[in-house]
Amino acid sequence: MSNIHIPVMLEEVIDNLQVKKGDFCIDGTLGAMGYTKELLKKVGKEGKVLSLDLDEKAIAEANKIKKEKSLDNLIIEHSNFKNIKEVVVKHFSLQQKFNCIVVDLGLSSDQLYDEDRSFSFKNDAPLDMAFSREELNDTERIVNTYSQSELERIIKDYGEERFAKAISNNIVKERKEEAIKTGKRLQEIIAKSVPKRFWPKNINVATKTFQALRIATNEELQNIEEFLPQAIELLKPQGRLAVVSFHSLEDRIVKHYFKKEAKDCICPPKAPICVCEHKANIKILNPKGITASEEELERNPRARSARLRVVQKI
Ligand SMILES: C[S@@+](CC[C@H](N)C(=O)[O-])C[C@H]1O[C@@H](n2cnc3c(N)ncnc32)[C@H](O)[C@@H]1O
């Protein structure tokens, strides 16, 4: 991997996690090791960092660096962060709690520019947007076998694409002629489906549909939903969880979950008395979330849509 990925809001993430010497931390999305490397510096030899990724290439690269630099306090695990509790039990125990946990959602620039895959429509690679090679739910199968209405729902819900109907109709029409096997061909079909006057100015006309198919392929929203309660359970009192998201669908899930968990009662607003017995177990540290500075945006335009939310366990 070429290490072209620039970590997003690195300083803000590390500062907000308030990592100290001897801390135990989890980086749920290792990627190009941007956050993991900083966490390792902060926790020192007395601490530990457990880092996960679904992508075999990211894992292989990190294992190489771990060996070269003798990073004995780094544990690398090829796994989905939705299985975080299982991974913790494998390496520690059911009782182990952590001072800090972070996930940086979505894909890395290394993946975006990987010529073996088609995360980017510029790529004539096989239609494969899975983070892991072991995923069964591959993009090619979704595009070539899902019904028109299923494709329309995915493109509309996960891509917020107003031309979802036309795009899904054309996908179904074109795949009857010949199976859609490359990102480039899919991009051409999408371009044909959207009238030129509606093409966005700053992004490729296929961006939203590609995002939708990537989210569906990796079940990204379900992963976050399953991860959040486990992450909060795994924190020590005063421990912190940071989530960096890149689009409103992810951010909405994170924001709503945090809001709910920060409340003492989650009964419907009209309920005369509380019957839920829910107790707040986190404190929201930045209700609006944190966005990248102007200076970072100049250096790394990818940070444009990023939002960081941090909570502290009570
Ligand atoms: C934005 S990158 C992380 C970059 C990293 N913070 C850095 O600074 O180098 C996201 C990474 O998360 C991984 N990923 C996405 N969903 C995942 C999941 N459910 N479980 C584990 N890893 C995941 C991707 O494979 C990718 O490598």
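Pairs needed: first member in region 242-265, among the aliphatic types (A, V, I, L, M); second member anywhere, within 14 Å of the ligand (Cβ to nearest atom) and open to solvent by 50 Å² or more (accessible area, probe 1.4 Å); C-beta distance under 7 Å; at least 6 residues apart or different chains.
Matching pairs, first to second residue: ILE253/GLU225.
If you check ALA292, ALA231, ALA280, ALA216, which single one turns out to be within 16 Å of the ligand (Cβ to nearest atom) and in a loop (DSSP other than H, G, I, E, B)?
ALA292
Pairs, please: C-beta under 6 Å, at least 6 apart or cross-chain, first residue open to solvent by 10 Å² or more (accessible area, probe 1.4 Å) and in region 27-51, second aromatic (Phe, Trp, Tyr)?
LYS48/PHE24
When you go through (1) within 9 Å of the ligand (Cβ to nearest atom); (2) out of contact with any Pro (no Cβ under 6 Å at 6 or more places or on another chain) one by one for ILE65, which number turns out not to apply?
(1)
Residues checked against (1) under 17 Å from GLN111 (Cα atoms); (2) of a type in the set (Asp, Glu); (3) not in a helix (DSSP H, G or I):
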{"site": "GLU11", "(1), (2), (3)": "no, yes, no"}
{"site": "LYS21", "(1), (2), (3)": "no, no, yes"}
{"site": "ILE26", "(1), (2), (3)": "no, no, yes"}
{"site": "LEU30", "(1), (2), (3)": "yes, no, yes"}
{"site": "THR36", "(1), (2), (3)": "no, no, no"}
{"site": "LYS41", "(1), (2), (3)": "no, no, no"}
{"site": "GLU46", "(1), (2), (3)": "no, yes, yes"}
{"site": "LYS57", "(1), (2), (3)": "yes, no, no"}
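Please verify whether region 264-282 includes one or more residues that are buried (at least 18 other Cβ atoms within 10 Å of the Cβ) and either under 20 Å from ASP251 (Cα atoms) or at pLDDT below 95 (or both).
Yes - at least one qualifying residue is present in region 264-282.
Scanning region 89-117 for residues that are within 14 Å of the ligand (Cβ to nearest atom) and farther than 23 Å from LEU213 by Cβ, which turns out surrounded by the most Cβ atoms within 10 Å (Cβ to Cβ)?
CYS100
Do we find a residue being open to solvent by 50 Å² or more (accessible area, probe 1.4 Å) and on the phi > 0 side of the Ramachandran plot anywhere in region 69-79?
Within region 69-79, one or more residues are open to solvent by 50 Å² or more (accessible area, probe 1.4 Å) and on the phi > 0 side of the Ramachandran plot.
Restricting region 129-150 to residues that are within 13 Å of the ligand (Cβ to nearest atom) and modelled with pLDDT of 80 or more, which is nearest to the chain's Cα centre (by Cα)?
The selected residue is PHE131.
On the given criteria, is GLY289 free of Cβ contacts under 8 Å to residues at least 60 places away in the same chain and in contact with a Lys or Arg (Cβ under 8 Å, 6 or more places away or on another chain)?
Criteria met by GLY289.
Please find, within region 151-187, the residue that is nearest to the ligand (Cβ to nearest atom) out of those that are under 21 Å from ASN223 (Cα atoms) and open to solvent by 30 Å² or more (accessible area, probe 1.4 Å).
Across region 151-187, the extreme among qualifying residues is TYR158.
Looking only at region 5-16, decide whether some residue is near the ligand (Cβ under 8 Å from one of its atoms), among the aliphatic types (A, V, I, L, M), surrounded by fewer than 23 Cβ atoms within 10 Å (Cβ to Cβ) and without any contact (Cβ under 8 Å) to a residue 60 or more places away in the chain.
The answer is yes, given that some residue of region 5-16 is near the ligand (Cβ under 8 Å from one of its atoms), among the aliphatic types (A, V, I, L, M), surrounded by fewer than 23 Cβ atoms within 10 Å (Cβ to Cβ) and without any contact (Cβ under 8 Å) to a residue 60 or more places away in the chain.
The values are calculated or read from the model by the stated rules, or taken from the named source; none is laboratory data. As the structure is a prediction and not an experimental result, all values here were calculated from the model. Positions of Cβ are generated from backbone atoms using ideal geometry, with glycine treated the same way; all protein chains shown enter the neighbour counts. What goes into the accessible areas is simple: the full protein's heavy atoms, side chains included, and nothing from ligands, DNA or RNA. Shrake-Rupley method; radii C 1.70, N 1.55, O 1.52, S 1.80 Å.
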